[in-house]
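Presented below is the structure to which this report refers.
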Amino acid sequence: MEKVKMFLVFVLGTLLSGQVFAKDYLISTPNTSLLLTAEPGQKSMFRYYGSRIETADIQSIYASGCAFGSQSYPVFGISTSNERAMAVIHADGNASLDLVVEAVNQYTEADGDVTAIRMKDNIYPFVLTQFYKAYKGTDVISTWVEVENKGKKSVTLYRFASAYFPVNRGDNWLTHFHGAWGAEHMMVEEKLTNGQKIIADRSGLANSHSSNPSFMLTLDGKPQEEYGHVLGGTLAWSGNYLLKADVKNTWLAISAGINEDMAHYVLDGGKTFVLPEFAMTYSTTGKGGVSRAFHRWARMYKLQHGNVERDILLNSWEGVYFKVNQTGMDEMMQNFSALGGELFVMDDGWFGDKYPRDKGNSSLGDWVVCKKKLPEGIEGLLDSAKKHNVKFGLWIEPEMTNTQSELFEKHPDWVLQVEGRPRSTGRGGTQLVLDLTNPEVQDFVFSVVDGLMTKYPGIAYMKWDDNCSLMDYGSTYLPKNRQSHIYIEYHRGLKNVLERIRAKYPDLVLQACAAGGGRVNYGILPYFDEFWTSDDTDALQRVYMQWGVSNFYPSIAVGAHVSADKNHQTGRVTPLKFRFDVAMSGRLGMEMQPKDMNERDKEFARRAIAAYKHVRPVVQFGDLYRLVSPYDNQGIASLMYVTPEKDRAVFYVYKLENFINMTVPGVRLAGLDPNKHYRIKDLTPAKAQKPCSLDGKVFRGAVLMEEGLGMAGLLKGEYASQVLELQEVD
Ligand code: GLA
């Protein structure tokens, strides 16, 4: 009966909602189109993905010989020597799938138009629906699949990609992002050669230290910023992933999804398995077009409060490390407020009653204030924040515990562990990972935020950290024959918790941190407002990292902090202006002890913070144009943000090397209106009364974009930099 009801709802839904059983399905955004063929009883086929075409053009796509003859979701078992998106073994040992289209359903959701191709196996009660969603007001189309085991017996999934699609083979170049702690999101560009290119992560918890689940692929040669045909894709998953380019002389196909390595999934009868979204865009204006499309999409749909300006914050970490106390925090707030700061974040070190958190080796899990350090409690800090007119936030690492903690003493079974083996430990030789597959543990992690927010509703911001990867692959909660689900169920558990937090605390600002930039992905970002880009705050290295991360993530989410003149990670000494000029291209913050600043530096910081506030909407909501890449070894890097109306822009240039009589190239601007005139203002002159020589000058957009601005006279000396505002004049 239930089945009949569902079928009727489906048929009625499809009849009411649009095209049913038609052959070609054209999915379009303002500038892109994707074409599929899906006929009942046949294989679903992927035909085209590129610039926007109209229905009348479909025949030309076939006639031109450009249409692909590829299945939209190839599965293993029958004539499948090529790459496959899915492979399963049924309960009887049969390892084949043979899927044909059953029906196609098109409907509209609040954020986009969805095309759902429902396929079923010819013999087994196995249904797979492939979804494509065109996000409204963007050039992003996403795709994912849902698997339903309609039988009684379980089926085991050994390969389960979210996305599969062919790409035209030619002079294809791949752009991707790699790194390590302190050096995240470094850009790599390479020509694709025959074979398989894999971008993957296996750390279990935080997936973007070693590489990011995002890539760009050119169709016509070396990647360029503002021209060339480029496809960009990102997997919205916070766990292990696998992106694969399968390349032959005449063939190129991409598959993307959860990394199945040691994660085969047993799907019980009657159950459904939903795979994460893979989002993609297609640009005819180079990598810049790809980035701008993803930035808009992120601000509209994949980031908390994507349309709200971010506060300028001071984080206590590099200023005091674990040495937090009431007087010190109060003093930091006062000094930061005097500079124009808006939000103070107390980092690690504030908690632990029985075991005070003095180092990184105890107390995680004991989220009560350390009375020894903070006798007036969080209340005292909230009072200080009120007194100094700043908002207040704090650091948590709620997925973790330490062997030395009250939580672990009470719940030793709550940590991931392999029965019969000694426990592995992370940071400080004592850190353990809580088992988020366990609903009881999920409740606990939710209660960390819920408890703090209930007690102290004045908390405006939380930095959610994760300083450990998944070490021991064992859960006391999951049954013995479901241990291979840990990699996946952990992230589902995390998502459950984050969903509950967001439902109850929609206004709370959350930062995703994982020992720096370990959690920069669109699986987790929908619950967060921003991420901590890297623990490395060295401004020079940040130019490279922030450039890399800007390819897929918008500036409003890029935590960028000014730290001490002698950087704590690299030891490099740079001028305060350079450090501000670099941090001002993201979500500006500070991470140092303000009382250590001299009067001259304080005066500069006050001006720079005021200048950032003045251009904040342009930086945080504007369109990014990357002008000179730090990876091109020209000795400088340059980028700019332009408002959609093209009436205001902010331009940045940084000198990365310093030699006598070195070549300093001029920079051509981009994204402006050629016919508008713009007045230039030096936003951060080192001396208030001495702006740079361009200050006050007016230029026509066309001149700025065709001829550019000479930089040799502006970038004198080591770590020279400029941040200029362009304002339209009548
Ligand atoms: C991680 C974070 C840092 C800081 C420390 C605190 O390393 O990335 O920013 O919060 O933890 O222990």
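Within segment 171-199, the set of residues being within 17 Å of Gly221 (Cα to Cα) and either among the acidic types (Asp, Glu) or not assigned by TED's automatic domain parsing to the domain that holds Asp220 (or both) comprises Asp171, Glu189, Glu190. Of all the residues that make up segment 320-347, how many are within 12 Å of the ligand (Cβ to nearest atom) and surrounded by 23 or more Cβ atoms within 10 Å (Cβ to Cβ)? Total meeting the criteria: 3.
Kindly list the number of the only condition in (1) surrounded by fewer than 17 Cβ atoms within 10 Å (Cβ to Cβ); (2) more than 27 Å from Ala637 (Cβ to Cβ) that fails for Trp144. Going through the list (1) surrounded by fewer than 17 Cβ atoms within 10 Å (Cβ to Cβ); (2) more than 27 Å from Ala637 (Cβ to Cβ), Trp144 breaks only (1).
Quick one: which of Ser629, Ser585 is surrounded by 23 or more Cβ atoms within 10 Å (Cβ to Cβ) and either under 21 Å from the mean Cα position of the chain (by Cα) or not hydrophobic (A, V, I, L, M, F, W, C) (or both)?
Within the list Ser629, Ser585, the selection yields Ser585.
Of all the numbered requirements in (1) farther than 21 Å from Ala206 by Cβ; (2) within 16 Å of the ligand (Cβ to nearest atom), Thr454 misses one, and that requirement is (2).
The number of residues in segment 100-148 being of a type in the set (S, T, N, Q) and within 16 Å of Phe165 (Cβ to Cβ) comes to 4. The set of residues from segment 297-334 being of a type in the set (S, T, N, Q) and within 27 Å of the chain's Cα centre (by Cα) comprises Gln304, Asn307, Asn315, Ser316.
Scan segment 352-401 for residues that are surrounded by fewer than 22 Cβ atoms within 10 Å (Cβ to Cβ), under 14 Å from Gly458 (Cα atoms) and of a type in the set (A, V, I, L, M, F, W, C) and report the count. Residues flagged as surrounded by fewer than 22 Cβ atoms within 10 Å (Cβ to Cβ), under 14 Å from Gly458 (Cα atoms) and of a type in the set (A, V, I, L, M, F, W, C) within segment 352-401 amount to 2. A single member of Asn315, Asn240 is within 16 Å of the ligand (Cβ to nearest atom) and modelled with pLDDT of 95 or more, and it is Asn315. When each of Ala95, Ala67 is tested for being surrounded by 15 or more Cβ atoms within 10 Å (Cβ to Cβ) and part of a loop (DSSP other than H, G, I, E, B), the lone residue that passes is Ala67. For Met300, the conditions (1) out of contact with any helix residue (DSSP H, G or I) (no Cβ under 9 Å at 6 or more places or on another chain); (2) under 25 Å from Pro375 (Cβ atoms); (3) surrounded by fewer than 17 Cβ atoms within 10 Å (Cβ to Cβ) all hold with the exception of (2).
Just one of the numbered conditions (1) among the hydroxyl-bearing types (Ser, Thr, Tyr); (2) farther than 20 Å from Phe76 by Cα; (3) surrounded by 18 or more Cβ atoms within 10 Å (Cβ to Cβ) is not true of Ser162: (2).
The values are calculated or read from the model by the stated rules, or taken from the named source; none is laboratory data. Every value quoted in this text rests on a predicted model; they were computed, and no experiment measured them. Ideal geometry is used to build each Cβ from the backbone, glycine not excepted, and the neighbour counts take in all protein chains shown.
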